Amino acid sequence: MTHLLSKSKYIRGLQCERALWLDVHVPRLARYTAEQMRRFDRGRDFEYAFKSRFPDGIDLSAELKHNVDLYPERTAQLLDAGPLHAAVAPDEGGIKESNGVVLFEAGFLYDDVLVLADVVCQREDGSLDIYEVKSGTSLSDTYRRDAALQHYVISNCHRIHSFSIVYNGLDGEHGVDGQDGSFAIVDLTEELAAEGDRIARNIAEMKTIVRATAEPDTSTGQHCLSPYACPYQHHCQQGVRQLALF
């Protein structure tokens, strides 16, 4: 089953409905700076460093590559196989004990939204401990919104025991030693669970936007730079309009 939104598109939509529409229909217009690309690379490196703490983890991206719409079915197959063995040391610096399969980039699909969770650890009772890994040095509102969407989607597919955000705790607070300081691990399960109704409303609005045949005529402004520099700024500033779907 194909998806309509992803977590990156959801975050884009919170910033600007026009950028969301472009991201779905004409992503080739996006332009990223060299610094943005370096930031992506640093994020991947930090994520890999955290994943290395789970030596028995199964990486779905290695198996399925860019066929993201296949991830949810494969994830369900692996989780349905049931608990296998202890995959990580118990309570290691905020990492909870796992008695079941550990998955990287596990896919979950609900309400036309696909999310890929960085690290999913199955417990003996089948419930999941989820870790969303971010390379930033603070727990930003954007990270929380990203995690809230994931919690909403995953909780409608599978039972969640805990949902934590992992970020770069350079001062050593909360966490264990990592590549660039330490992994700060903060459990936000209760906070994220309370966001369900708001998330559902946002998704409904965004699906209306991306299903439209015409590009929204959103004006440029400060939102083009916050929380991220929009890769479609050049397009909007040139006054280019896409009048119909390609």
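Read the figures in this text as sums done on the coordinates, not as results from a lab. This is a predicted model, so every value here is computed, not measured. All Cβ positions, glycine included, derive from the backbone under ideal geometry; neighbour counts span all protein chains shown.
Quick notes on this one:
- Average 1/r across all pairs of distinct alpha carbons in the stretch 5-237, invert it, and you get the Kirkwood radius: 18.6 Å.
- Exposure proxy order (Cβ contacts within 10 Å, fewest to most) of Asp112, Asp23, Asp80, Asp45: Asp80, Asp45, Asp112, Asp23
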